[in-house]
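Written below as structure tokens is the structure these notes are about.
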Amino acid sequence: MNKAESDEFLDAVEGEESEDGEREATFEVTKEELSIIRAELASEFPEEYQSLSDDYVLSVASKPYSKDPTVRRPLDYSMDKLKGVMKWRTDKAIGLTDMLTLAEGPSTATEAVEDPDRYTKAKALATSMNYASMYWHGLDKKGRPILWIRTDRMPWYPDVEAQVNVLIILAEEGIKVMPEGITDFVVLSDSNSPPPPNPQFMMNLLDALVKGYPDRLKLLISCPVGSIIQFVMNLLIPLMPGRLASKIVLVSQDDSKGKLGEILLNGEEDIPTFLGGTKDHEQMYPKSGKFSDRTLTFDFEGMKERLAKSVEEFKSKQ
């Protein structure tokens, strides 16, 4: 195996760093095993299999087996897991971004008349995205994209389907621009303001993470944590798979600034004003939206451009 090939498999051999700096045990995946998995995925999902990078396939296949953490996941287990991801994406994710264009209305009026249910869902999707309660911005110190969640912008009674679909669209866009070797992301949630998390939304969110994006979430950091969030998480964590539950970190008001400074790429200078820092997200992601004359007032394209720029700047410094 040459150096390029060796580097490709480095993460699978060496493991990954956990929140406390320890190495999480992972196991070697051979080039031949990777080829077998890729061939199986290409056979069953010829049009979509390339949406899963080699880095991600290796990440999934190299993890400890849940029934016996001292050994690697069996190859058939990893294969089934990845096929499940592809099936889930086919059913849930493909075509969602196109609905944002449909939501704009006049230029797609014919399509709206031909499929009124889809047009209604498209409008609901745009409405949920317009809350600007979830968006990508910046990276952590390892180059992982940061998904920000603003609970104070969440509706009290959300359209759960539309809100989860927004999250799926965002996840797909964030995964597309991940630097080479990066397969997961970090969620930072400002969780001290009402409304409380909608239980059905939280359950559907967990379902999406487990079925559509396994091993994609590195950390979900909730700060500053109030009593409502603590109560809700105490109910939800026992329902989560062990690997997912271990990624949830609840941070107090006093510890928030120090914790965020350790995670964000540029330390404390990347902490947003709504969490006690100096970085102003409001100009980029205003609550009222950037385009008052559009159905989709949220700056979706601007968000993608800023994230891609952050990734390129990170890569240039490596």
_Show me the trypsin sites (Lys or Arg not before Pro) within segment 31-139 that DSSP assigns to loop and that have at most 11 other Cβ atoms within 10 Å of their Cβ._
67
*Taking the Cα centre of segment 159-318 as origin and charging only Cβ (+1 Lys, Arg; -1 Asp, Glu), how large is the dipole, in debye to the nearest 20?*
260
*For volume of the Cα convex hull per residue in Å³, the choices are [x] 145; [y] 125; [z] 164; which was calculated from the structure?*
[x]
*Around residue 79, with a cut-off of 11 angstrom between Cβ atoms, what is the net charge of the other residues, counting Lys and Arg +1 and Asp and Glu -1?*
-1
*Between residue 255 and residue 94, what FRET efficiency comes out of the Förster formula 1/(1 + (r/R0)^6) with R0 = 45 Å and r the beta carbon distance, rounded to 0.05?*
0.65
*Mind jotting down the distance between the C-alpha centroids of segment 115-135 and segment 244-318, whole Å?*
22
*Dipole magnitude (debye, nearest 20) for the chain, charges at Cβ of Lys, Arg, Asp, Glu*: 560
*Counting only DSSP beta bridges with both residues in segment 126-316, what percent are antiparallel, rounded to the nearest 5?*
25
_Residue among 201, 213, 250 farthest towards the positive dipole end of segment 126-316, charges placed on Cβ_ = 213
*Greater than 30 Å apart at Cα, pairs in 218/279; 142/279; 211/279; 83/259; 87/259; 121/247*: 211/279; 83/259; 87/259; 121/247
_Per DSSP, loop GluC sites (Glu not before Pro) in segment 33-112 with at most 14 further Cβ within 10 Å_ = 47, 104
*How far, in nm, would the chain grow between residue 80 and residue 65 when pulled straight, counting 0.36 nm per residue and subtracting the alpha carbon separation?*
4.1 nm
*Dipole magnitude of segment 120-221 about its Cα centre, charges +1 at Lys/Arg Cβ and -1 at Asp/Glu Cβ only, in debye to the nearest 20?*
100
*Taking the radius of gyration and the Kirkwood hydrodynamic radius from Cα positions alone, what is the Rg/Rh ratio for segment 243-298, to two decimal places?*
1.13
_I need the chymotrypsin sites (Phe, Trp or Tyr not before Pro) found in segment 127-158, filtered to DSSP loop residues with at most 14 other beta carbons within 10 Å of theirs._
156
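Coordinate-derived values only; no laboratory data. Nothing here was measured: the structure is a model prediction, and the numbers come from that model. Because the Cβ atoms are built from the backbone with ideal geometry, glycine has one as well, and the counts that use them run over all protein chains shown.
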